[in-house]
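The next block holds one structure in the form of structure tokens; read it before the comments.
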Amino acid sequence: MIRIADDIGAETRDEIHQVIDELALAELEGGLSIERLHGGGSNQNFVIDTDTGQFVLRLAGTMTERFGLDRVVGVQGHRNAVTAGVAPRLCGAVMPAAHLVVPFVEGRVLDAEVLAEPGVLECCIGLLSRLHHAEPVDGTFSIFDDARRYLSIASAENLTLPNDLNDLVAQLDSAERVFAGVQAPAVLAHNDLQLQNFIVAPDRAWLLDYEYAAMANPYLDLAMLLCYGDVPPARRAAALAAYFGTVRETDLARVELMYLAATMREAIWSVVAEPVNTETGFDYQGWAHRFFGRARTQVDSDQFIHALAIARPAADDAVTFANARRIAERLAPPPSERSS
């Protein structure tokens, strides 16, 4: 018997039943109780209580072309992250839609306050090291291309954008030109690393939600963790030293530039998502306002201008990237940590 909470509409109820039937998972046999898990911007998520434990069902959004999603690559990225000891195991997935079920992992949702606690930042950096040196997938991602695609959609649909957009885009283009010359390795990256995608348990942490996972520039994930987490400069340097094995002004500057790309993409994504994701209850206008504001603050800062000057290719780049791989190999998890 399946009991579904009253606040879940009839159409969604039918879809939940269909997905559970199609998955036919042993974990979802017997009595089930299903409630909505709030917080997603593109997908609908639900907690499933069973006789043996809790699971999370993701009903994936259908606007894959609009949001540049490759569901096959995203699911493969999740599987590779499981092998790397970064993600909870994937119980099952309905393809090509990529509706999926994972175990519910206990812990605290990461925020800036939790990230400031001793050992938490280091733990999260360790997860990124493992992920970035996991098995590759057949797909690539560029944060700059993603932002441009959303801008094209917003322009074509005459969606509301800020008056100073052209100035912000000009600075984004400047950052992209810097990265075009940097020979950073393409790694398996998360590419949508909101803090709430980290779950921090007493003995470890997990990284969730791989729908944008693809081979990409490692500085994007690092920038999203350090900048969205309001990590102060001294701790940023220590985090990058843990990832690369050294502290370079070059890497701090690249994080600064990639942060602008992340904030701009996030703001424009929200503008494009609002007309089509009405069922999520997400505050898209507030989210866009927040991230456009962050972008303005950043491009007006002396720190950003300085970063444009020193983030360019460095003579020791190849050695630094090789060090990062060696560090990740030392962090390889024991089999007991590779699933939940």
**Condition broken by Asp51, with the remaining ones in (1) part of a helix (DSSP H, G or I); (2) more than 18 Å from the chain's Cα centre (by Cα) satisfied** = (1)
**Prompt:** Just one of the numbered conditions (1) of a type in the set (S, T, N, Q); (2) surrounded by fewer than 16 Cβ atoms within 10 Å (Cβ to Cβ); (3) over 21 Å from the mean Cα position of the chain (by Cα) is not true of Thr140; which one?
**Reply:** (3)
**Prompt:** Within the stretch 247-290, how many residues are closer than 25 Å to Ala184 by Cα and either in a helix (DSSP H, G or I) or within 20 Å of the chain's Cα centre (by Cα) (or both)?
**Reply:** 18
**Given (1) buried (at least 17 other Cβ atoms within 10 Å of the Cβ); (2) at pLDDT 95 or above; (3) within 28 Å of Val276 (Cβ to Cβ), number of the condition Glu157 does not satisfy** = (1)
**Message:** Suppose we keep only residues that are loosely packed, with under 14 Cβ neighbours inside 10 Å and touching a strand residue (DSSP E or B) at 6+ places or on another chain (Cβ under 9 Å) within the stretch 3-21. Which one would you say is nearest to Asp51 (Cα to Cα)?
**Reply:** Arg3
**Prompt:** If Pro313 satisfies every condition in (1) within 18 Å of Ala154 (Cα to Cα); (2) assigned to a loop (DSSP other than H, G, I, E, B) but one, which is the exception?
**Reply:** (1)
**Asked** Being at pLDDT 95 or above, polar (S, T, N, Q), assigned to a helix (DSSP H, G or I) and within 30 Å of Ala318 (Cα to Cα), is that true of even one residue in the stretch 160-169?
**Response** no
**Fill in**
Taking the stretch 277-318 and keeping residues crowded, with 17+ Cβ neighbours inside 10 Å and under 30 Å from Arg36 (Cβ atoms) leaves Asn277, Thr280, Phe282, Tyr284, Trp287, Ala288, Phe291, Phe292, Arg294
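Does Arg149 qualify as being touching a residue at least 24 places away in the same chain (Cβ under 8 Å), among the charged types (D, E, K, R) and closer than 21 Å to Val86 by Cβ?
So Arg149 fails the test.
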**Request:** Only residues that are of a type in the set (Ser, Thr, Tyr) and under 24 Å from the mean Cα position of the chain (by Cα): list them for the stretch 296-319, please.
**Result:** Thr297
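The values are calculated or read from the model by the stated rules, or taken from the named source; none is laboratory data. Given the structure is predicted, the values throughout are model-derived calculations rather than measurements. Note that we place each Cβ from the backbone using ideal geometry, even for glycine, and neighbour counts take in every protein chain shown.
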